Amino acid sequence: RAQPGCAVTLRAQPACAVTLRAHQGCAVTLRAQPACAVTLRAHQGCAVTLRAQPACAVTLRAHQGCAVTLRAQPACAVTLRAHQGCAVTLRAQPACAVTLRAHQGCAVTLRAQPACAVTLRAHQGCAVTLRAQPACAVTLRAHQGCAVTLRAQPACAVTLRAHQGCAVTLRA
């Protein structure tokens with residue numbers, strides 16, 4: 001647990017299990033080596049940078065104005081929930097499984113490399129930019145005034161549902 005305003009740098013060796021809670025303006029840098037299990041909760045203006053090496057399992061919850069940068073190497077499983085004005089940048093390398101939920105004014109940028117599986121739900125005024133490289137499977141649901149930009153490269157499978165005043169731009 002990180003107290004308000006702390007700066008935390010953590011390196012986790014292979015196959016470690018890490019649970020971290022950060023709040024009120026903490027700065028967290030976490031590097032997880034292969035096959036780690038990481039659970040991280042950040043709220044109230046935290047800045048989080050997380051690099052996950054192959055086959056890591058990452059669960060991250062961010063809310064109340066956090067800035068999150070996450071890089072997931074091949075075959076990672078990432079579950080991320082962001083709400084209340086968070087800014088999220090996520091880069092997923094090949095064959096990652098990404099589940100992301102964003103609501104209440106979050107800004108999400110996601111780049112998925114080949115053969116990733118991405119499930120994304122956005123609502124309540126979120127802005128989502130998603131770039132999917134070849135052979136990705138993308139499921140996206142947007143509602144309540146979200147703005148979505150999606151670029152899908154060859155052989156992607158895209159399922160998109162948008163309602164309640166969303167603006168969607170799709171390039172396939």
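Considering each residue of segment 53-76, count those that are under 11 Å from the mean Cα position of the chain (by Cα), within 23 Å of Q133 (Cα to Cα) and small (G, A, S), and give that number.
Result for segment 53-76: 1.
Checking Q84 against (1) open to solvent by 50 Å² or more (accessible area, probe 1.4 Å); (2) modelled with pLDDT of 95 or more, only one condition comes out false. Which one?
(2)
For (1) touching a Pro at 6+ places or on another chain (Cβ under 8 Å); (2) at pLDDT 95 or above, each residue gets a yes or a no:
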| site | (1), (2) |
| --- | --- |
| C36 | yes, yes |
| L40 | no, yes |
| H43 | no, no |
| C46 | no, yes |
| L50 | no, yes |
| A55 | yes, yes |
| A67 | no, yes |
| R71 | no, yes |
| V78 | no, yes |
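Pairs under 6 Å by beta carbon, first residue on the phi > 0 side of the Ramachandran plot in segment 93-111, partner among the polar types (S, T, N, Q), six or more apart or different chains?
Here the result reads Q104/Q84; Q104/Q124, each pair linking segment 93-111 to a residue that is among the polar types (S, T, N, Q).
Within segment 143-157, can one find any residue that is within 26 Å of L40 (Cα to Cα), at pLDDT 95 or above, in a strand (DSSP E or B) and open to solvent by 60 Å² or more (accessible area, probe 1.4 Å)?
no
The values are calculated or read from the model by the stated rules, or taken from the named source; none is laboratory data. In this text the structure is predicted, and so the values were computed from the model without any measurement. Note that we place each Cβ from the backbone using ideal geometry, even for glycine, and neighbour counts take in every protein chain shown. The accessibility values were calculated without ligands, DNA or RNA, using every heavy atom of the protein model including side chains. Shrake-Rupley method; radii C 1.70, N 1.55, O 1.52, S 1.80 Å.
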